[in-house]
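Below is one structure, written out as structure tokens; the observations come after it.
The values are calculated or read from the model by the stated rules, or taken from the named source; none is laboratory data. Small disclaimer: the values here were computed from a predicted structure and weren't measured. Heads up, the Cβs are rebuilt from the backbone with ideal geometry, glycines too, and the neighbour counts pull from every protein chain shown. Ligands, DNA and RNA are excluded from the accessible area calculation, which covers all protein heavy atoms including side chains. Shrake-Rupley method; radii C 1.70, N 1.55, O 1.52, S 1.80 Å.
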Amino acid sequence: MDHYDWPLLEKLCAFHAVSGHEDEIVAFVRDTIRPWVDEWWVDRLGNVVGILRGTTYPDCRLMLQAHLDELGLIVRNITAEGFLLIERIGGMPEKSLLGQRVEIKTEDGRRIPGYIGAKSHHVTGADEKYRVLSVHEMFIDVGVSSRAAVEALGIRVGDTVTYAPNFNRFGDGMVCAKALDNRVGVFVLLELLRHFQAQRPPCTLVFAFTVLEEFSIRGSLPVVNATRPDAIISVDITVAVDTPAESPLHPVAMRQGPAVKMMDFHGRGTLGGLFSSPKLRRFIENVAQELGIPTQREVIVGVITDPAFQLYLGERGYVIAGLSIPQRYTHSAAQMCHEADIAHAIRLLTAVAHEFSPALDLSRG
């Protein structure tokens, strides 16, 4: 596993790229892939697309996608005393916020450190100790004492906030960082592209680095409309349930390989989700079995990813499957993945892309 560019993963996780504000990582990914692809563009939403033409079947297109954005917060007001009031962007969990070090990104690109204040323990009442505060009851302390002083730092209403970068490789191959959802997927795609620009596949590959997944799940739709792939494989994370904190919702654990998505569903108001295309999903599993690559299966409610609304585009819909990297402590500041699962995902997708061709039957019925 040492031949993978793990420092690149650290760099990706450090970018401040909350949904709707992804320009920093958009520019990095655009400039990284530009020498590796035959065609590239950045669309009006910020989606980065790179196309690598196939050697044998240039008209057959497989799209590989991962989202660039991360969940976060946005400054909604500044008090006269210099505290920042906040709103969530995406599923930022209130239970993970109090006491966290965060970074506020200003309009001119500065990163201002701050801390989400927690009421002093010594004066916390018994009725407060076991209650999770609403984000509207929270505030960020940036260490100054007036609204004017906050504004002198360059902070304005509308600036975005993320967990402070905290990348760490530890244990037997564990990786911990904010924004591993879904910079780990971006990392997988960049490693694939680095491989394929030196050893081209038979079919054309569309690499899609998408935006707004954590906000609306719909930011990727223009990419599908623009590229019209024959099939899509979406790379994202899923919940590993191998700690005392989670019940065994599904058989997904760390170190056991990527999870092939059988079903996901939001289940909280948005009637969106994915059943992976049966034949595409079986193709992926068969390739894994032939190469001895471990995989798991994922069935989960409460998770929704880019394909949820891609399925219904066009006149005939799209063939889509999901491949997920197991992750502990999702949406917290301590998101964790294992290097073995990441490496297995890269190896599997490399083989899948090499074997994908027009001869693959993806019909229904």
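Residues in the range 227-239: is at least one charged (D, E, K, R), crowded, with 24+ Cβ neighbours inside 10 Å and closer than 26 Å to His21 by Cα? Walk me through how you get there before you give the answer.
Within the range 227-239, the first condition is being charged (D, E, K, R), and the residues that meet it are 228, 230, 236.
Applying the additional criterion that residues be crowded, with 24+ Cβ neighbours inside 10 Å yields 236.
Pick out the ones that are also closer than 26 Å to His21 by Cα and you get 236.
Yes, that holds for at least one residue.
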Can you name the residue in the range 102-134 that is closer than 26 Å to Thr162 by Cβ and acidic (Asp, Glu) and, of all such residues, is most open to solvent (accessible area, probe 1.4 Å)? Glu107
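Can you confirm whether Leu348 is in contact with a Lys or Arg (Cβ under 8 Å, 6 or more places away or on another chain) and either crowded, with 24+ Cβ neighbours inside 10 Å or under 23 Å from Pro201 (Cα atoms) (or both)? If you could, list the steps in order and put the result at the bottom.
On the way: in contact with a Lys or Arg (Cβ under 8 Å, 6 or more places away or on another chain): no; either crowded, with 24+ Cβ neighbours inside 10 Å or under 23 Å from Pro201 (Cα atoms) (or both): yes.
So Leu348 fails the test.
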Of all residues in the range 18-39, count the ones that are closer than 22 Å to Gly90 by Cα, of a type outside the set (S, T, N, Q), out of contact with any Lys or Arg (no Cβ under 8 Å at 6 or more places or on another chain) and assigned to a loop (DSSP other than H, G, I, E, B). 2
I'd like to know if the range 308-316 contains one or more residues that are over 19 Å from Met262 (Cβ atoms) and either surrounded by 21 or more Cβ atoms within 10 Å (Cβ to Cβ) or charged (D, E, K, R) (or both). yes
Check whether at least one residue in the range 156-178 is within 20 Å of the chain's Cα centre (by Cα), aliphatic (A, V, I, L, M) and under 30 Å from Pro278 (Cβ atoms), and report yes or no. no
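Can you pull out every residue in the range 137-172 that is in a strand (DSSP E or B) and more than 20 Å from Gly82 (Cβ to Cβ)? Full working, then the answer.
Step one: filter the range 137-172 for residues in a strand (DSSP E or B), giving 139-141, 160-163, 168-170.
If the condition is that a residue be in a strand (DSSP E or B) and more than 20 Å from Gly82 (Cβ to Cβ), then Thr162, Tyr163, Asn168, Arg169, Phe170 are the ones that fit.
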The range 173-213, residues that are of a type in the set (A, V, I, L, M), surrounded by fewer than 20 Cβ atoms within 10 Å (Cβ to Cβ) and part of a loop (DSSP other than H, G, I, E, B): Ala198
Of the residues in the range 55-83, those that are open to solvent by 10 Å² or more (accessible area, probe 1.4 Å) and of a type in the set (Gly, Ala, Ser) number 1
Considering the range 84-101 alone, what residues qualify as being open to solvent by 50 Å² or more (accessible area, probe 1.4 Å) and closer than 25 Å to Ala27 by Cα? Arg88
Report whether or not Ala288 is closer than 25 Å to Glu191 by Cα, touching a residue at least 12 places away in the same chain (Cβ under 8 Å), over 20 Å from the mean Cα position of the chain (by Cα) and crowded, with 16+ Cβ neighbours inside 10 Å. yes
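So, Glu103, is that one assigned to a strand (DSSP E or B) and among the charged types (D, E, K, R) or not? Don't jump to the end; show me each part of the working.
Numbers: assigned to a strand (DSSP E or B): yes; among the charged types (D, E, K, R): yes.
Answer is yes for this residue.
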Failed condition for Ser220, given (1) open to solvent by less than 10 Å² (accessible area, probe 1.4 Å); (2) closer than 26 Å to Thr55 by Cα: (2)
Note on the range 110-139: residues in contact (Cβ under 8 Å) with a residue 40 or more places away in the chain and either more than 19 Å from Ile78 (Cα to Cα) or touching a Phe, Trp or Tyr at 6+ places or on another chain (Cβ under 7 Å) (or both) are Phe139
Conditions (1) under 21 Å from Ser216 (Cα atoms); (2) touching a Lys or Arg at 6+ places or on another chain (Cβ under 9 Å); (3) touching a residue at least 60 places away in the same chain (Cβ under 8 Å); number of the one not met by Pro326: (1)
So, in the range 118-134, of the ones that are more than 34 Å from the chain's Cα centre (by Cα) and among the β-branched types (Val, Ile, Thr), which residue ends up farthest from Arg88 (Cα to Cα)? Val123
Within the group Arg281, Arg297, which residue is part of a helix (DSSP H, G or I), in contact with a strand residue (DSSP E or B) (Cβ under 7 Å, 6 or more places away or on another chain) and surrounded by fewer than 24 Cβ atoms within 10 Å (Cβ to Cβ)? Arg281
Would you confirm, using the coordinates I've provided, whether Lys279 is within 16 Å of the chain's Cα centre (by Cα), modelled with pLDDT of 95 or more, closer than 23 Å to Ala208 by Cα and basic (Lys, Arg)? no
